[in-house]
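Written below as structure tokens is the structure these notes are about.
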Amino acid sequence: MLNLRHNKANLNFTIINTAKQPDLTIGIPVLNEEEHIERVVKGFLQSSYPSIVEILIADGGSTDRTQEVVKELSESDSRVKLIHNPEKFQSFALNKMIEAAEGEIFLRADGHCIYDDKYIEKNVEALLQPSVKNAGGAQRYVAENSVQAGIALAVNSFLGNGGAKYMDENYEGFADTVFLGCFWTKDLRKLGGYNTRNITNQDSELNLRLAEHFGECIYVKPDIKSWYYPRETYLKLFRQYFRYGRGRFLTKAEHPKISPIRGLLPFLFICFLGVYAIFDLLSPHNYFFISFLTILIGILLGESIRTVIKTKQNFKDEIWQADSKPPGIISRWMNTVVSIVTMQFAHFSGFSYQLVKRVIFRIDGW
């Protein structure tokens, strides 16, 4: 098993000319990250990148020891700075940090992730390429229980990621968005930072504005590696994707021409299934809805087991990070199926909720 918890990935990297590296600010929005924040901050402080001027942590009112841990870290290294975010949501936190940032580059990080030893260097290396305004890597997942394992595998399937380029660990090139991101601070300020009207999906919305302003400029590089802990239960996963669905609707409303079609697919497809079912039920003729649904279930089951088999070695080497025995093939398969279904129906529900708010109640925002 690759021991990601201690950032000891044995990888080959291209060394960039450290004499010319721009000053860099790392911004981390947090809420109740006592368990992870010290590891994350110390990992960045130990980076070989020579020009980290500060690590800003914007706390949204943690009720655990997150703020105390950050203050202790700041006493041992003055580059660590705590910023209070009374509005709680990430978009507000990120904007406060962008406003305060002293670095030419703003690296957006997460308090619940694991980062490769050369994460900063590889981000900067990509950002320094011509026409790149935001650089990052694929969104990789790790798991410590069977639900997280199912989620981690589900996002490796087209049914779970919708064909998003930034979810493909092997893709390199331009995309419509990227996980987290590394930006020029002046560009973020020029665009007015993150959209605070949309408290989720803010990363994708910002990247759409970057593309509108600068053209093709969001770059995904496979050797920029970080690993994300997904939700621990299906209820939390449903709530997360419900919010994603709401955010996708708001992003689509603000950027109707260039928003990716995958943000609409769960809503359109489940609406189609509902209309098809009602039409078949009320019609005197048989339009084979049950047969169609059976085929869809077969596709879901088949794609899920294909994903489990495809990622078998990767699961053992990288995804599973608990000390306990990993779940077996059948458990992984079942949890992948449940994860995909939960994601799609939660996304549909959130999108529908926001649509009703806008069309019926004339409420445009969150």
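The values are calculated or read from the model by the stated rules, or taken from the named source; none is laboratory data. Note that the structure is a prediction, hence the values are computed from the model and not measured. Glycine gets a Cβ as well: all are built from the backbone with ideal geometry, and neighbour counts include every protein chain shown.
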Exercise. Residue check: is Ala135 buried (at least 23 other Cβ atoms within 10 Å of the Cβ) and either part of a strand (DSSP E or B) or aliphatic (A, V, I, L, M) (or both)?
Worked result: yes
For this session: May I ask you to verify whether Ile199 is buried (at least 22 other Cβ atoms within 10 Å of the Cβ), on the phi < 0 side of the Ramachandran plot and outside any helix (DSSP H, G or I)?
Result: no
Exercise. Somewhere in the stretch 342-352, is a residue surrounded by fewer than 16 Cβ atoms within 10 Å (Cβ to Cβ) and either over 28 Å from Leu273 (Cβ atoms) or not polar (S, T, N, Q) (or both)?
Worked result: no
Exercise. Is at least one residue of the stretch 279-301 surrounded by fewer than 15 Cβ atoms within 10 Å (Cβ to Cβ) and closer than 20 Å to Tyr166 by Cβ?
Worked result: no
Exercise. Only one of Ala211, Ala149 is surrounded by fewer than 22 Cβ atoms within 10 Å (Cβ to Cβ), part of a helix (DSSP H, G or I) and not aromatic (Phe, Trp, Tyr); which?
Worked result: Ala211
Problem set entry | Looking only at the stretch 53-103, and only at residues there that are touching a strand residue (DSSP E or B) at 6+ places or on another chain (Cβ under 6 Å) and of a type in the set (Gly, Ala, Ser), the one that is surrounded by the fewest Cβ atoms within 10 Å (Cβ to Cβ) | Ser74
Exercise. Can you find even one residue in the stretch 322-330 that is within 20 Å of Gly162 (Cβ to Cβ) and assigned to a loop (DSSP other than H, G, I, E, B)?
Worked result: no
For this session: Assess whether Leu264 counts as being farther than 14 Å from Phe351 by Cα, outside the structural domain of Gly162 (by TED's automatic domain parsing), among the aliphatic types (A, V, I, L, M) and surrounded by 15 or more Cβ atoms within 10 Å (Cβ to Cβ).
Result: no
Exercise. Are any of the residues in the stretch 317-324 among the hydroxyl-bearing types (Ser, Thr, Tyr) and out of contact with any Ser or Thr (no Cβ under 8 Å at 6 or more places or on another chain)?
Worked result: yes
Seminar exercise, completed: Among helices (runs of 4 or more DSSP H) entirely within the stretch 232-315, at least 3 residues that are more than 22 Å from the chain's Cα centre (by Cα) occur in 265-282, 289-310
Exercise. Does Pro86 qualify as being at pLDDT 95 or above, more than 21 Å from the chain's Cα centre (by Cα) and under 20 Å from Asn195 (Cβ atoms)?
Worked result: yes
Exercise. Does the stretch 66-89 contain any residue that is among the hydrophobic types (A, V, I, L, M, F, W, C), touching a Ser or Thr at 6+ places or on another chain (Cβ under 6 Å), outside any loop (DSSP other than H, G, I, E, B) and within 22 Å of Arg189 (Cβ to Cβ)?
Worked result: no
Seminar exercise, completed: Within the stretch 91-138, the residues that are β-branched (Val, Ile, Thr) and either under 20 Å from Glu216 (Cβ atoms) or over 16 Å from the mean Cα position of the chain (by Cα) (or both) are Ile98, Ile105, Ile120, Val124, Val132
Exercise. Picking from Glu125, Glu99, Glu104, Glu169, which residue would you name as being without any contact (Cβ under 8 Å) to a residue 60 or more places away in the chain, acidic (Asp, Glu) and at negative phi?
Worked result: Glu169
